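Encoded as structure tokens, the structure appears first; notes follow it.
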Amino acid sequence: MPIERKMSFLIGLILTFLLPLSMPAETEPLEGFASWYGGKFHGERTASGEVFDTNLLTAAHRTFPFGTLVKVTNLATDKSVIVRINDRGPFVQDRIIDLSKAAADAIGLTPMGVARVRLQIVQEVKPATFLTLQVASFSNPTNALRVKNRLTEAGLSPSIEKTEAGIHRVVLEHIPAEKIEETKARLAELGFPPPILRRR
């Protein structure tokens with residue numbers, strides 16, 4: 001991940017936990033400058049945990065809860081688009097939202113780079129809670145990879161964490177809280193022992 005995106009990701013996580021995400025929309029500036037991002041960030045993980053797809057109508061905002069739908073109007077072209085907030089940013093003075101390239105294209109912002117916009121919340125949601133299940137841990141990376149492949153074949157999305165002590169943990173990350181019991185049941189069906197529930 002590029003160093004500047006790592007910084008944005010870390011700042012986004014800090015804002016996620018320290019800022020009041022349920023802040024009423026009327027306390028936010030309704031007009032300001034918007035920019036867009038894509039290219040090298042396509043395929044990178046956003047602050048919400050989603051993989052960024054510059055072809056989708058999404059955006060980064062400093063405080064709106066993830067999943068919030070926002071109507072963005074380019075005041076220069078009078079074109080509007082509805083985007084879903086799934087990232088944190090922009091971290092540049094005077095800018096209030098950072099759009100995916102698809103969203104920027106929709107309102108004629110792409111060639112401008114930066115334009116003054118008006119924001120209007122269409123649908124605000126409560127911040128989602130995401131959890132992690134640790135399925136197994138091994139000192140031998142081959143065993144961890146074997147379990148990871150088995151989970152992948154079962155339709156899950158596992159990853160492997162390596163600790164400083166050389167332990168390889170097979171985990172399922174970014175699981176919505178309401179899906180935890182369903183995921184545990186699926187693991188039991190596959191013959192795995194009860195996983196360890198982690199908050200991050």
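Remarks
- Dividing the alpha-carbon radius of gyration of the stretch 94-200 by the rule-of-thumb value 2.2 N^0.38 Å gives 1.56.
- Its alpha carbons considered, the stretch 45-150 gives a radius of gyration followed by a Dmax of 18.2, 59 Å.
- The H on the amide N of Trp36, modeled in the peptide plane, is under 5 Å from the matching H of Leu99, each at least 5 residues off or on a different chain.
- 10 Å binning of all Cα-Cα separations within the stretch 129-172, expressed as whole percents from 0 upward: 32, 53, 14, 1
- Under 11 Å, Cβ to Cβ, from Pro90 - net charge with Lys/Arg +1 and Asp/Glu -1: 0
- Highest to lowest packing among 151-160, 77-86, scored as the average C-beta count within 10 Å: 77-86, 151-160
- In terms of the mean number of neighbouring beta-carbon atoms within 10 Å, the peptides 105-116, 176-187 order highest first as 105-116, 176-187.
None of the figures in this text is laboratory data; all of them are computed from the coordinates on show. This structure is a prediction, so every number in the text was calculated from the model and none was measured. Here Cβ is always computed from backbone atoms with ideal geometry, including for glycine, and neighbour counts include all displayed protein chains.
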